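Single-structure report; data block below.
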Amino acid sequence: MKIGILSQNANLYSTRRLREACEQRGHEAVVINALRCYMNINSVQPSIHFEGHDVVGIDAIIPRIGADITFYGCSVLRQFEMMNVFSINQSIAISRSRDKLRSLQLLSRKGVGMPITGFASKPDDVKDLIKMVGGTPVVIKLLEGTQGIGVVLAETQKAAESVIEAFMGLKANIMIQEYIAEAGGADIRCFVLGDKVIASMKRQAAEGEFRSNLHRGGSASLVRITPEERRTAVAAAKAMGLNVAGVDLLRSNRGPLIMEVNSSPGLEGIEHATGKDIAGMIIEYIEKHAAKKRRQQQQ
Ligand code: ADP
Ligand code: MG
């Protein structure tokens, strides 16, 4: 097969590993930078051009769309879908997962556990907003944040009010969440492929920190997850419609609670923590499912 990896940087660990895995399994891999693509949208023969040529003969796409280019990246991916190219994650599922409010609303509709969460833009009653999620301590998050930046733990009412007011002043949309203290500064990353969790790791925050992000000094280790955690992670990926997902959950007294579902989960941390060939498993999944799609089209 000819497999296209939609990625802005061929040197990133995940992109490199996916390319290697393609080649090891006898496929051709091409790295396509979505931002450099231009598209011809018509009803007879939609096409995509990249580096001056028509992109043809691609059997499957692995989208690795950065959070900063979600809109254009998903448009390019949608164009491949219009050309009947198999994509391991569909553009609609990626757009859904990039909107944190929409994601949590979808998860709650499916009954997947999550911390009590409030959303606000310019709340007219900050005290009531804090009360709504069960009072302090609360975690306040900027909607656009990643890698732990923009995630604040407010332990007292005064601190919570001033942080919310400061974020309001920045005209930012915020999320305010019950603080899961018993998680002890750790979260679990479940790597979902299809309807299975194929790898998982625990990320523990550095001393004195509650955010477990590796970018904030957290450390990763192997972890055995419970059947309930497994079911919850798979249900979360399914609710978003993602075949590949990094599902982050917190261990709470009332069971696993979903924090976020990532549609382009990184491979470096999880491959190192588990020693598993995740890239190879992704290509194997594509071999099975892209072929199935082709058979269905021929019928
Ligand atoms: P980001 O998208 O920036 O990674 P997260 O929502 O994943 O933001 O939060 C960063 C980290 O903060 C999480 O990995 C977790 O360790 C901690 N955290 C986030 N929300 C909560 C919460 N409600 N209770 C306890 N810890 C939390
Ligand atoms: Mg996170």
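The values are calculated or read from the model by the stated rules, or taken from the named source; none is laboratory data. It should be emphasised that the depicted structure is a prediction, and the values quoted were computed from it without experimental measurement. Methodologically, a virtual Cβ is constructed for each residue, glycine included, from the backbone with ideal geometry; neighbour enumeration extends over all protein chains shown. We work out accessible area using only protein heavy atoms, side chains counted, and drop any ligands, DNA or RNA first. Shrake-Rupley method; radii C 1.70, N 1.55, O 1.52, S 1.80 Å.
Taking the conditions exactly as written (within 16 Å of ligand 2 (Cβ to nearest atom) and out of contact with any strand residue (DSSP E or B) (no Cβ under 9 Å at 6 or more places or on another chain)), does Glu209 satisfy them or not?
Yes, satisfied.
Considering only segment 128-156, state which residues are among the basic types (Lys, Arg) and at pLDDT 95 or above.
Of everything in segment 128-156, just one residue is among the basic types (Lys, Arg) and at pLDDT 95 or above, namely Lys131.
All but one of (1) away from ligand 1 (no atom under 15 Å from the Cβ); (2) part of a loop (DSSP other than H, G, I, E, B) hold for Met114; which doesn't?
(1)
What residue, among those in segment 212-224 that are surrounded by fewer than 16 Cβ atoms within 10 Å (Cβ to Cβ) and of a type in the set (Gly, Ala, Ser), is farthest from ligand 2 (Cβ to nearest atom)?
This residue is Ser221.
As an exercise: evaluate Ile174 against (1) out of contact with any Gly (no Cβ under 7 Å at 6 or more places or on another chain); (2) outside the structural domain of Ser121 (by TED's automatic domain parsing) and give the number of the one condition it does not meet.
If we test Ile174 against (1) out of contact with any Gly (no Cβ under 7 Å at 6 or more places or on another chain); (2) outside the structural domain of Ser121 (by TED's automatic domain parsing), just (2) comes out false.
Can you spot a residue in segment 256-267 that is in contact with a Pro (Cβ under 8 Å, 6 or more places away or on another chain), within 16 Å of ligand 2 (Cβ to nearest atom) and open to solvent by 30 Å² or more (accessible area, probe 1.4 Å)?
Yes, segment 256-267 has at least one match.
Might you let me know whether segment 232-248 holds any residue that is without any contact (Cβ under 8 Å) to a residue 40 or more places away in the chain and either within 11 Å of ligand 1 (Cβ to nearest atom) or open to solvent by 10 Å² or more (accessible area, probe 1.4 Å) (or both)?
Scanning segment 232-248, I find no residue that is without any contact (Cβ under 8 Å) to a residue 40 or more places away in the chain and either within 11 Å of ligand 1 (Cβ to nearest atom) or open to solvent by 10 Å² or more (accessible area, probe 1.4 Å) (or both), so the answer is no.
Can you name the residue in segment 44-64 that is surrounded by 15 or more Cβ atoms within 10 Å (Cβ to Cβ) and modelled with pLDDT under 95 and, of all such residues, is farthest from Gly241 (Cα to Cα)?
Phe50
Among the residues that make up segment 137-144, is at least one of them outside the structural domain of Val244 (by TED's automatic domain parsing), open to solvent by less than 80 Å² (accessible area, probe 1.4 Å), in a loop (DSSP other than H, G, I, E, B) and away from ligand 1 (no atom under 13 Å from the Cβ)?
No; the residues of segment 137-144 include none that is outside the structural domain of Val244 (by TED's automatic domain parsing), open to solvent by less than 80 Å² (accessible area, probe 1.4 Å), in a loop (DSSP other than H, G, I, E, B) and away from ligand 1 (no atom under 13 Å from the Cβ).
Look through Ala237, Ala273, Ala291 and report the one residue that is farther than 19 Å from Arg16 by Cα, at pLDDT 95 or above and hydrophobic (A, V, I, L, M, F, W, C).
Every option except Ala237 fails the conditions.
How do the pairs read when you match residues in segment 121-134 that are within 10 Å of Ile176 (Cβ to Cβ) and part of a loop (DSSP other than H, G, I, E, B) with residues anywhere that are open to solvent by 100 Å² or more (accessible area, probe 1.4 Å) and modelled with pLDDT under 90, using Cβ under 9 Å and keeping only pairs 6 or more apart or on different chains?
If the second residue must be open to solvent by 100 Å² or more (accessible area, probe 1.4 Å) and modelled with pLDDT under 90, no pairs are left.
When only residues in segment 1-43 that are touching a residue at least 60 places away in the same chain (Cβ under 8 Å) and under 20 Å from the mean Cα position of the chain (by Cα) count, which is most open to solvent (accessible area, probe 1.4 Å)?
Gln8
What is the one condition in (1) open to solvent by 40 Å² or more (accessible area, probe 1.4 Å); (2) modelled with pLDDT under 95; (3) of a type in the set (A, V, I, L, M, F, W, C) that Ala172 does not satisfy?
So Ala172 meets the others, but not (1).
Mind telling me which of the residues Phe80, Phe119, Phe71 ends up being aromatic (Phe, Trp, Tyr), open to solvent by 30 Å² or more (accessible area, probe 1.4 Å) and in contact with a Ser or Thr (Cβ under 9 Å, 6 or more places away or on another chain)?
Phe71
Quick check on segment 202-211: of everything there that is over 24 Å from Arg230 (Cβ atoms) and either open to solvent by less than 60 Å² (accessible area, probe 1.4 Å) or within 20 Å of the chain's Cα centre (by Cα) (or both), which residue is nearest to ligand 1 (Cβ to nearest atom)?
For segment 202-211, the residue satisfying everything is Arg211.
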